[in-house]
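The values are calculated or read from the model by the stated rules, or taken from the named source; none is laboratory data. Not measured: the values here are computed from a predicted model. Virtual Cβ from ideal backbone geometry, glycine too; neighbours counted across all protein chains shown.
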Amino acid sequence: MSLSPSGNTSLSPTTFLLTGFPGLEYAHRWISLPFCFIYVTVFLGNGLILHVIRTESSLHAPMYYFLAMLALTDLGLCLSTLPTVLAIYWFDSREIPFNACFVQLFFIHSLSLVESSVLLSMAFDRFVAICNPLRYASILTTRRILKVGLAFVSRSFALIFPLPFLLRRFQYCRTTVLSHSYCLHLEIMKLACSDIIVNHIYGLTVVAFTVGTDSLLILISYVFILKTVLGIASPEGRQKAFNTCISHICAVLLFYIPMIGLSLIHRFGERAPHIVHILMSYVYLLAPPLMNPIVYSIKTKQIRGRILQRLCPQKTFHS
């Protein structure tokens, strides 16, 4: 029993119920196989990127420091969802205590904001490298990069920190079945019996202040980059400059397109099939950690060369 905000005593559950693929519970063991493959690939891919950057002194440069931050963030996102996702598909364990759900929510959303901030930092790195190359080393010092990383992590954690407390004040007297296999703020908020206008406003404000601002600044940086690149007389120089941005552009699209799609479906896609909501949520959280190491390994010669040297040390590869 618990006391409602109006002073009345009412029943309030202490757990949420997570959801796998409704109607396919008999096939959850088989569905778990691609998830296991994705998680293993994410850990191996991002772990290899981190190992190569840490052990190869020629990669101790701003661009690769930001790439290491991106890999760490992707690993954190996957670790945040891994326990509940595999618990559902392996053991049909759907219950999650309120506090555990709020902790998972905190890490998922805060790390998503960190990833947006890292992508902005990488855009600034490309902007300085192309538009002001003579001052690149003096602007992007190791100490400054560390301060930027800590500032973005602090910003993300501080902005998401109130969400669990805003959710704890609600009474959940209706259903407590969530639509996904992990906890998201918008999903939990919909289950509350109370007025959720404060959560709505705060959530939209945080997204506008972080993801909205970051994406706008990334767009502006690429406007200046494009203007500078088009001013390069040599076609080979223009192609080389563009090539240094392709990996980052792919990472930006992999992150922002699923995020925008999931947000639109949550807010305006009530009539969309439930399977679409589920698949979009998985794409939003798993596609960037899965694809970022692949993109950077293929499109970045230095990373590709060092990885091939680690995998096939007896051969010589040219980066």
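Suppose the filter is free of Cβ contacts under 8 Å to residues at least 40 places away in the same chain, among the hydroxyl-bearing types (Ser, Thr, Tyr) and farther than 30 Å from Phe102 by Cα; does Ser221 pass it? For Ser221, the condition - free of Cβ contacts under 8 Å to residues at least 40 places away in the same chain, among the hydroxyl-bearing types (Ser, Thr, Tyr) and farther than 30 Å from Phe102 by Cα - is not met. Within the stretch 62-73, is even one residue buried (at least 21 other Cβ atoms within 10 Å of the Cβ), within 30 Å of Thr176 (Cβ to Cβ) and among the hydrophobic types (A, V, I, L, M, F, W, C)? No: zero hits. Please tell me if Cys245 is modelled with pLDDT of 85 or more, buried (at least 19 other Cβ atoms within 10 Å of the Cβ) and in a helix (DSSP H, G or I). So Cys245 passes the test.
Please tell me if Ile160 is in contact with a helix residue (DSSP H, G or I) (Cβ under 9 Å, 6 or more places away or on another chain), β-branched (Val, Ile, Thr) and free of Cβ contacts under 8 Å to residues at least 60 places away in the same chain. Yes. Scanning the stretch 22-65 for residues that are small (Gly, Ala, Ser) and either closer than 23 Å to Leu79 by Cβ or under 21 Å from the mean Cα position of the chain (by Cα) (or both) yields a total of 3. Every test in (1) without any contact (Cβ under 8 Å) to a residue 60 or more places away in the chain; (2) surrounded by fewer than 16 Cβ atoms within 10 Å (Cβ to Cβ); (3) closer than 22 Å to Ile49 by Cα is passed by Ile294 save one, and that test is (1). Checked against (1) under 23 Å from Leu70 (Cα atoms); (2) surrounded by fewer than 20 Cβ atoms within 10 Å (Cβ to Cβ), Ser112 passes all but a single condition, namely (2).
Pairing residues of the stretch 76-91 that are free of Cβ contacts under 8 Å to residues at least 40 places away in the same chain and in a helix (DSSP H, G or I) with residues that are hydrophobic (A, V, I, L, M, F, W, C) and surrounded by 17 or more Cβ atoms within 10 Å (Cβ to Cβ), at Cβ distances under 6 Å and at least 6 apart in sequence or on separate chains, gives Gly76/Leu111. Looking only at residues in the stretch 181-206 that are polar (S, T, N, Q) and in contact (Cβ under 8 Å) with a residue 24 or more places away in the chain, the one that is nearest to Ser281 (Cα to Cα) is Ser181. Determine if the stretch 171-180 includes at least one residue that is under 20 Å from the mean Cα position of the chain (by Cα) and closer than 15 Å to Thr15 by Cα. Yes, there is a match, as at least one residue in the stretch 171-180 is under 20 Å from the mean Cα position of the chain (by Cα) and closer than 15 Å to Thr15 by Cα.
Considering the stretch 256-291, and only residues there that are free of Cβ contacts under 8 Å to residues at least 40 places away in the same chain and within 30 Å of His51 (Cα to Cα), the residue that is surrounded by the most Cβ atoms within 10 Å (Cβ to Cβ) turns out to be Tyr284.
The one condition from (1) at pLDDT 90 or above; (2) within 24 Å of Phe255 (Cβ to Cβ); (3) crowded, with 16+ Cβ neighbours inside 10 Å that Ala87 does not meet is (2).
Within the stretch 2-30, the set of residues being hydrophobic (A, V, I, L, M, F, W, C), surrounded by fewer than 15 Cβ atoms within 10 Å (Cβ to Cβ) and at pLDDT below 90 comprises Leu3, Leu11, Leu24, Ala27. I'm checking my understanding of the structure. Among residues of the stretch 144-181 that are in a loop (DSSP other than H, G, I, E, B) and of a type in the set (Gly, Ala, Ser), which one is farthest from Ala87 (Cα to Cα)? Within the stretch 144-181, the match that is farthest from Ala87 (Cα to Cα) is Ser179.
Quick grid of which residues meet (1) surrounded by fewer than 18 Cβ atoms within 10 Å (Cβ to Cβ); (2) aliphatic (A, V, I, L, M); (3) closer than 19 Å to Phe127 by Cα:
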residue	(1), (2), (3)
Thr141	yes, no, yes
Leu146	yes, yes, yes
Ser154	yes, no, no
Phe161	yes, no, no
Thr175	yes, no, no
Ile188	no, yes, no
Tyr202	yes, no, no
Phe224	yes, no, yes
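Of all residues in the stretch 299-319, those that are under 17 Å from Ile53 (Cβ atoms) and assigned to a helix (DSSP H, G or I) have Cβ atoms under 9 Å from Cβ atoms of residues that are aromatic (Phe, Trp, Tyr) and at pLDDT 65 or above, 6 or more apart or on another chain, in Gln302/Tyr64; Ile303/Tyr64; Ile303/Tyr296; Arg304/Tyr296.
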